[in-house]
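S.K.: The structure is given below, and queries will be raised subsequently.
The values are calculated or read from the model by the stated rules, or taken from the named source; none is laboratory data. None of these values were measured; they are calculated from a predicted model. Cβ atoms come from the backbone with ideal geometry, glycine included; neighbour counts cover every protein chain shown. Note: accessible area is taken over every heavy atom of the protein model, side chains too, but ligands, DNA and RNA are not part of it. Shrake-Rupley method; radii C 1.70, N 1.55, O 1.52, S 1.80 Å.
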Amino acid sequence: MVLHGGFSKHLIHDLHGLCREVIVVGAEPQTLVPGLFSTGLLDSQPPEQALILNLGGVTMAISGCAHPGMEQIVEWGRLLLGRPISWAIGGFHLMDADDAEIARSVQALQALGVTDVLPTHCTGDAAIVAFEQAYGEHCVSGGVGRRLEL
């Protein structure tokens, strides 16, 4: 199990007894296995981390809720890998955003070179529609159990 150090110390202690391995990520990016990285603890409320993948030439940023903004997570991933991130996956935290903020997020991800998106839960219906319109067939619907064949 991989979690960030912003979780309760009691929870982390309990997980050590329940899991084969517990990796607690600090503030700095960390390599978890070759091609899979944690961004480290992101500056947001609530605190979170994101995963950055570089596997077989495919690059991805995978968020939980992207509280700092998916475009910031993609940018951190780009800096970490030294190359553009092609996939943005997860919650984009736009469920309460207005149309202008949603448009800004779509444009920012396109400007960063994101070619494919899979927006989930806290992205919100209006933002999902905006990503579908902007990305067409490169906007994949997601959710629990969704598998991507790359």
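S.K.: Of the beta bridges DSSP finds with both residues in segment 50-150, what % are antiparallel, to the nearest 5? Before the final figure, lay out the partial values.
M.R.: Details: 5 of 14 bridges.
Close to 35 percent.
S.K.: What number comes out for accessible area per residue over the chain if the probe is 1.4 Å? Units Å², please.
M.R.: Numbers: 8290 Å² over 150 residues.
With the other protein chains kept in place, the chain gives 55 Å² per residue.
S.K.: Give the peptides 14-25, 38-49, 112-123 in descending order of average Cβ contacts within 10 Å, highest first.
M.R.: 112-123, 38-49, 14-25
S.K.: What part of the accessible area of the chain, given as a whole %, is carbon or sulfur when the probe is 1.4 angstrom?
M.R.: 55
S.K.: Continuing with the same structure: Roughly how many nanometres apart are two label points built 7 Å out from the Cα toward the Cβ at residue 101 and residue 1?
M.R.: The two pseudo-label positions are separated by 3.2 nm.
S.K.: Solvent-accessible area of residue 65, probe 1.4 Å, all protein chains present, reported in Å² to the nearest ten, please.
M.R.: 40
S.K.: In terms of modelled amide H atoms, which long-range or inter-chain residues lie less than 5 Å from the amide H of residue 93?
M.R.: 122, 123
S.K.: Between 0 and 90 degrees, rounded to the nearest ten: what's the tilt of helix 99-111 against the longest Cα principal axis of the chain?
M.R.: 80
S.K.: Give the angle, between 0 and 90 degrees and rounded to the nearest 10, that separates the Cα long axis of helix 125-135 from the longest principal axis of the Cα atoms of the chain.
M.R.: The angle comes out near 70 degrees.
S.K.: Once every DSSP H run of n ≥ 4 in the chain is given -39500 (n - 2.57) and the sum is divided by its residues, what mean residue ellipticity at 222 nm do you get, rounded to the nearest 500 deg cm²/dmol?
M.R.: Numbers: 4 runs with 46 residues, N = 150.
So the helix-based figure for the chain works out to -9500 deg cm²/dmol.
S.K.: Compute the FRET efficiency between residue 11 and residue 55 as 1/(1 + (r/R0)^6), taking r as their Cβ-Cβ distance and R0 = 22 Å, and round to the nearest 0.05.
M.R.: So the FRET efficiency works out to roughly 0.15.
S.K.: Follow-up. Quick one: compute the contact order of the chain, relative version, from alpha carbon pairs under 8 angstrom and 6+ residues apart, as a percent. Show your work: numbers first, answer last.
M.R.: On the way: 263 pairs, mean separation 21.9, N = 150.
In percent, rounded to a whole number, it is 15.
S.K.: Turning to a different aspect of this structure: How do 86-92, 142-148 rank on mean C-beta neighbours within 10 Å, highest first?
M.R.: The peptides rank, most packed first, as 86-92, 142-148.
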